[in-house]
Amino acid sequence: AQPPEFVSACIARTAELNPGWTIFVVNPEDPITLEGLADPVPDGEPLDVAHTADWFRADALARHGGVWLDASNVPLLPIEHWVDTQSDALQGFGAPWDNTTMENWAFAAPYPCALMREWRDQFRRAIEQGFDAYNDAIPPAQLGCCLANRLPYLTQHAAWRVARHNLPSAPVRLMPSDGPGGPFDLLVNRYGGDSAAFGQQLLDLPQSDFDNTGFVKVRGVDRQYIGPLASYHGYLATTLTAALPDDYTSTYYEAHSDSWWIGLCCGVAAATFFLGICCGHTCGQVGFRALLRKRRRGEAERSGALLGKGGAGDGAGAQGA
């Protein structure tokens, strides 16, 4: 099975903007454990598709370092536009409703990263305790002013708040998601959060509307207003269509708009880079994921690397640059 056309195009365009990457498509029937990149979901709170993705992104980056991107983020520039691969900070975007809370749809972690491990550990605790019990135990001052009414859906954001409170000196780089050129700039500042107008017009906008924009965040609620790429004539429609293979066809019925995600694992402090393209199970039990691998120039080919079957310390992900 293939992702829907729009998501497939975003994935293809991501690869196109990051030349030298090789795509490995993993059989849809394989267990969704990222081939050793992340542990299975802990026992506890029954997780839906979105929260299952939350666990895999947190565990993979805590164990290996890297970058996570949601599949429906529309790429315009290479990943390095917003990720400083030489930084020892956990990097990401502040939520538009609270710029001190890191979003989880695009973030980068070096290896090792104490804050990323603490974030993962807090989210594991939330799963094991149950989201309601975990969130209820967080002091209101620690939770912040704007998160309580977004729980339990944003429990991973609550886990971030607790992790940051526990490690206040850990290096962090939080960029404004709704600032000029930010992922939410258009949605928030031009469309005032109107998903219908944003989704219907995004692919018809000219290139000049995306100056210095690394990628545009498109949420599941926005995507329901996006039609076939052929019905648009703007810059994004042109570049996304061009990125798709000439023989691309998709009969995939998207039962849940949040079911596809993409994880770009760039080993910030490692010699091997990975892009994991993942899909959770929809009601039709459709699964898909792929991996893009890039090795630094001059490095000898070594099988295994971050996808090795050994423990978290095995492979290139555990090695310094």
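State which residue is nearest to Pro171 (Cα to Cα) when the search covers only region 76-96 and only residues that are at pLDDT below 95 and touching a Lys or Arg at 6+ places or on another chain (Cβ under 8 Å).
Ser87
Go through region 81-107 and give me each residue that's touching an Asp or Glu at 6+ places or on another chain (Cβ under 7 Å) and either more than 18 Å from Gly181 (Cα to Cα) or of a type in the set (Lys, Arg) (or both).
Passing the criteria: only Asn104.
Could you figure out which of (1) assigned to a strand (DSSP E or B); (2) surrounded by 24 or more Cβ atoms within 10 Å (Cβ to Cβ); (3) of a type in the set (Gly, Ala, Ser) isn't true of Gly94?
In the conditions (1) assigned to a strand (DSSP E or B); (2) surrounded by 24 or more Cβ atoms within 10 Å (Cβ to Cβ); (3) of a type in the set (Gly, Ala, Ser), Gly94 misses (2) alone.
Cβ contacts < 9 Å: first residue over 22 Å from Arg13 (Cβ atoms), restricted to region 79-98; second residue of a type in the set (Ser, Thr, Tyr) and at pLDDT 95 or above, any location; separation 6+ or different chain. Result?
Gly94/Thr100; Gly94/Thr101; Gly94/Ser177; Ala95/Thr101; Ala95/Ser177; Pro96/Ser177
Going through Leu115, Leu61 one at a time, which residue ends up being in contact (Cβ under 8 Å) with a residue 24 or more places away in the chain, touching a Phe, Trp or Tyr at 6+ places or on another chain (Cβ under 8 Å) and not in a strand (DSSP E or B)?
Leu61
What's the number of the only condition in (1) at pLDDT 95 or above; (2) crowded, with 19+ Cβ neighbours inside 10 Å that Ala106 fails to meet?
Looking at each condition in turn, Ala106 falls short on (1).
Kindly indicate whether Ile11 is closer than 25 Å to Thr213 by Cβ, among the β-branched types (Val, Ile, Thr), modelled with pLDDT under 90 and surrounded by fewer than 23 Cβ atoms within 10 Å (Cβ to Cβ). Walk me through how you get there before you give the answer.
Values: closer than 25 Å to Thr213 by Cβ: yes; among the β-branched types (Val, Ile, Thr): yes; modelled with pLDDT under 90: yes; surrounded by fewer than 23 Cβ atoms within 10 Å (Cβ to Cβ): no.
Answer is no for this residue.
The values are calculated or read from the model by the stated rules, or taken from the named source; none is laboratory data. The structure displayed is predicted, hence computed values, not measured ones. For neighbour counting, all protein chains shown are included, and Cβ atoms are generated from backbone atoms with ideal geometry for every residue, glycine included.
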